[in-house]
Structure formats: C-alpha cells, structure tokens
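The values are calculated or read from the model by the stated rules, or taken from the named source; none is laboratory data. As the structure is a computational prediction, the values presented were derived from the model and not from experiment. Using ideal geometry, Cβ is built from the backbone for each residue, glycine included, and neighbour counts are taken over all protein chains shown.
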Amino acid sequence: MQSSSKLRPAFGLAWFSILAVAALVSGCRTYGYRVVQPAGSPAMVVREPVMIRYEPLEYRLVQRDKQLVMSIINPTDDRVELLGRRSYVVDPNQESHPVRGRVIGPHSHVRMWIPPRPITYSYPPWGWGWGWGWGWGWGYDPFWGPYYGDPYAWPGVYAQVITPYDWCWKTGTARMRFYYERGGKTFEHDFEIVRERLK
C-alpha cells in the first residue's frame with residue numbers, strides 16, 4: 001500500500017491536466033458568418049470559401065484566423081474604384097467607420113480583412129532600428145480592445161495604432177455599404193453579415 005504523500009503529486013498533476021484541458025476547450029469557440037444581405041447569398045461562412053455574385057463584381061468570403069476575409073473580384077475589362085470617401089461600415093455597436101479606398105484593375109482582385117487588422121509597431125524589432133507589422137491584440141496583449149492601444153512589452157515594446165478604420169467584432173451584425181466608380185458611373189453594394197457563435 002502506498003502512502004498518501006506519494007499519491008499527492010499524481011493527484012495534483014491530474015487535476016492540473018483537467019483544468020488545462022477545460023481552459024483550452026473553452027477558448028476554442030467556433031464562429032460563423034451568416035450573410036443576410038444581399039438576399040439569396042449562401043447562408044454561412046465557416047470553413048469553406050463562399051462566392052457571391054453582385055453585378056458587376058464578385059465577392060469571395062472566407063474565414064482566416066477566426067476573422068472574415070473578403071476578396072473583391074473585378075471580372076470586367078474596366079478599372080473599378082472602391083470609393084473610400086463614400087463607403088462605410090456600421091459595427092455591431094452601431095458605430096460608423098470609414099473604409100479605405102482602392103483601385104481594382106481589370107480581371108484582378110483586392111483583399112480586405114473585416115474588421116481591418118490593426119497595425120502594431122515594435123521598437124526595437126529584435127535588433128537595432130524601427131520596425132512595423134500587422135499584429136493582433138490577443139497575440140501580445142490580453143487587454144486589447146477597440147479603445148486600448150497603449151505600448152506593452154515582450155520582446156521589446158509594441159504599440160498598436162488604433163484609427164477610425166479599426167473596430168472590434170465579437171458577435172452581432174455588421175452593415176457595409178461600398179460605393180464604386182466604373183467608367184464615370186457610380187454604383188453601390190450593401191452587405192449585412194452576422195458573426196455568431198456556433199458552439
């Protein structure tokens with residue numbers, strides 16, 4: 001028969017393992033994006049890409065790193081411009097945000113993260129000098145949010161730049177209106193997408 005002092009470490013290790021698995025499972029929530037507008041669109045964006053034809057453009061929606069990525073495809077022979085000065089997004093908190101404009105050449109596409117990935121600056125970036133790159137608040141800072149962008153450390157010092165383009169999308173409905181110009185004429189496309197927890 002073993003003494004109770006020899007059983008305690010094994011029991012502690014088993015209890016720690018159970019807590020670690022529970023924490024891991026609770027952090028692995030799955031989210032999907034339900035496309036409400038335009039009507040008749042494929043219902044959910046979860047793992048597989050979804051194509052939406054919205055004349056004269058096409059949209060490819062896919063989930064990457066738990067975030068929605070939208071590719072805007074121009075299958076025409078004309079240059080199409082996304083007019084950032086007129087386009088906007090209304091987040092689930094009913095706050096409006098501008099959209100960065102861009103030009104889509106004939107038979108090409110542009111890609112945008114929804115919401116945009118905030119820019120994170122690092123200094124020094126593992127060496128001498130100044131560096132920058134895309135960053136995630138949850139990757140470096142557990143307190144990241146739409147209004148928090150203070151510098152924090154490890155390794156070096158990081159600072160997020162929060163702009164009017166940036167917003168947070170945990171769950172809820174986001175409404176988007178994109179204005180375009182093609183051949184001197186303008187047109188707009190409306191989207192309504194719901195981010196919801198699946199399990």
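Points worth noting:
- Strands (runs of 3 or more DSSP E) lying entirely in the stretch 27-106 (those with 1 or more residues that are under 19 Å from Val194 (Cβ atoms)): 31-37, 50-54, 57-64, 67-74, 88-90, 96-98
- You will find that of Val35, Val69, Val90, the residue that is among the β-branched types (Val, Ile, Thr) and buried (at least 18 other Cβ atoms within 10 Å of the Cβ) is Val35 and no other.
- Applying the criterion of at least 1 residues that are at pLDDT 70 or above to the strands (runs of 3 or more DSSP E) found wholly in the stretch 119-197 leaves 119-123, 157-161, 172-182, 185-197.
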